[in-house]
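Report on the following structure.
Bear in mind that the values in this text are calculations on the coordinates, not laboratory data. Since this is a predicted model, take the numbers as computed values, not measurements. Cβ: placed from backbone, ideal geometry, glycine included. Neighbour counts: every protein chain shown.
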Amino acid sequence: MSALTVLAIETSCDETAAAVMRGDELLSSEVASQIALHALTGGVVPEVASRNHLRTLRPVIASALAKAGVTAGEIDVFAATRGPGLATSLMIGLSAAKGMAMGFRKPFAAVNHIEAHLLSPFFGRGGVRPAIGLVVSGGHTMLVEIEAVGKYRLLGKTCDDAAGEAFDKVGKLLGLPYPGGPNVNRLACEGNAMRFDFPRSMLSSGDFAFSFSGLKTSVRYLLQKMDTVPVADVCASFQEAVVDVLVDKTVRAALTTRRKTIAVSGGVSCNSRLREKLSAACSARGIELLLAEPSLCTDNAAMIAYAASLRADAGHANDLAEDIDPNLRLAV
């Protein structure tokens, strides 16, 4: 990897983040979380998120530069998330990166948030190589065949709710604090995963698509019938149903395509049960498993910097004409 120094900004949703990377060395990564702010409403309010980005972005960038020991004038490439995400949030980070690129007369890189997640498990592990990528988060659940940087084939994605979205919605149904996903995982460790037999949607569909909306509905119907809810058991049983589908389809995708590596990223990849079952399944079949570091799983700018560096090395160019795209898809 070239020794370009990249300053990256991530503001696709409710995290304000900046990172500085030189070559394959991460010099700094700063994230200002809005979890406490949005916990008051039980979910992200776009206007509130964008106002908070405006307030915190400048000090977050300053902190990232200071911790990296570089000045803005020493940055070779300014990068930011282009999409997908909330329009009012995306425009703040992208505009800031463009402004700095223009001011310092340096290149600008617009990064696809999904691609950044997809590539993040390879950071610090010798670079990108052919693999099956599972991106599993609050907004996305998809399986992608990775050939090289910028060369992807979409194998399947969710038909409705993403896995992380289902976790959060079930958490809300159970009255758990926001965000629901980590709290469902925490309580599931104390519960009986065999207590309730929730559906494994599309497990035998013959393709690599996912569906979690029906599972969420099954939990809601169950709760309506119960006077006293065994919360830990519901969490464990729900989590097991999601994990079973994710593991089965991901491993099957690797076996079908004959890929020897599986790379997993996104917020839900922090789930302890998913990591446990994927590790066991891959070990049993001789498949290499690359799990993104927890700090790279949730929204962060380090993965944006890494993706920008990889794309620059691969000869992919961006210019200042690139604008936000809230519905941006992975180029396949």
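What share of the DSSP beta bridges in the chain is antiparallel, in percent to the nearest 5? Before the final figure, lay out each step's value.
Values: 25 of 43 bridges.
Rounded to the nearest five, the antiparallel share is 60 percent.
Report the normalised scattering of segment 129-291 as log10 I(q)/I(0) at q = 0.16, 0.20 Å⁻¹, calculated by the Debye formula with identical scatterers on the alpha carbons.
Each listed q corresponds, in turn, to -0.85, -1.25.
Taking springs between alpha-carbon atoms closer than 10 angstrom, which of Thr11, Thr141, Thr56 fluctuates most in the Gaussian network model of the chain?
Largest GNM mean-square fluctuation: Thr56.
Treating the angle as unsigned and between 0 and 90°, give the value, to the nearest 10°, between the Cα long axis of helix 213-224 and the longest Cα principal axis of the chain.
Once rounded, the angle reads 50 degrees.
Take each of the peptides 263-269, 58-64, average the number of other beta-carbon atoms within 10 Å over its residues, and list them starting from the highest. It would help to have the intermediate numbers written out before the result.
On the way: 263-269: 27.7, 58-64: 17.7.
Descending mean neighbour count gives 263-269, 58-64.
Sort 170-177, 227-234 for me by packing, meaning the mean count of neighbouring Cβ atoms within 10 Å per residue, highest on top. Mind dumping the intermediate values first?
Values: 170-177: 17.9, 227-234: 14.5.
Put in order of decreasing packing, that is 170-177, 227-234.
Which percent of Cα pairs goes in each bin when the distances of segment 76-151 are cut into 5 angstrom slices starting at zero?
Reading the bins upward from 0: 3, 14, 20, 19, 18, 15, 8, 2.
Among Lys225, Lys151, Lys260, whose mean-square fluctuation peaks in a Gaussian network model of the chain (Cα, cutoff 10 Å)?
Between Lys225, Lys151, Lys260, it is Lys225 that shows the largest mean-square fluctuation.
With angles folded into 0 to 90 degrees, how steeply does helix 302-313 sit against the dominant principal axis of the chain? Use alpha carbons for both and round to 10.
Once rounded, the angle reads 60 degrees.
List the chymotrypsin sites (Phe, Trp or Tyr not before Pro) within segment 185-247 that fall in a DSSP loop (any state other than H, G, I, E or B) and whose Cβ has at most 10 other Cβ atoms within 10 Å. Write down the numbers at each step before the final one.
Values: sites: Phe196, Phe208, Phe210, Phe212, Tyr221, Phe238; in loops: Phe196, Phe208, Phe212.
Sparse-neighbourhood loop chymotrypsin sites (Phe, Trp or Tyr not before Pro): none present.
Provide Rg over Rh for the chain; use the alpha carbon set for both Rg and the Kirkwood Rh (inverse mean inverse pair distance).
Dividing the radius of gyration by the Kirkwood radius yields 0.98.
Restricting to DSSP H runs of at least four residues, report the calculated mean residue ellipticity at 222 nm for the chain, -39500 (n - 2.57) per run over all residues, nearest 500 deg cm²/dmol. Can you show the working numbers first?
Details: 11 runs with 142 residues, N = 332.
Result for the chain, helices only: -13500 deg cm²/dmol.
Please compute P(r) over all alpha-carbon pairs of segment 140-210, binned at 5 Å starting from zero, and give each bin as a whole-number percent.
4, 14, 16, 20, 17, 14, 9, 5, 2
Using only Cα atoms, tell me the angle between helix 163-173 and the longest principal axis of the chain; keep it within 0 to 90° and round to the nearest 10.
For 163-173 against the chain, the angle is about 60 degrees.
Can you tell me which lysines have their Cα less than 18 Å from the Cα of Lys216? Leave out same-chain residues fewer than eight positions away.
Lys157, Lys169, Lys172, Lys225
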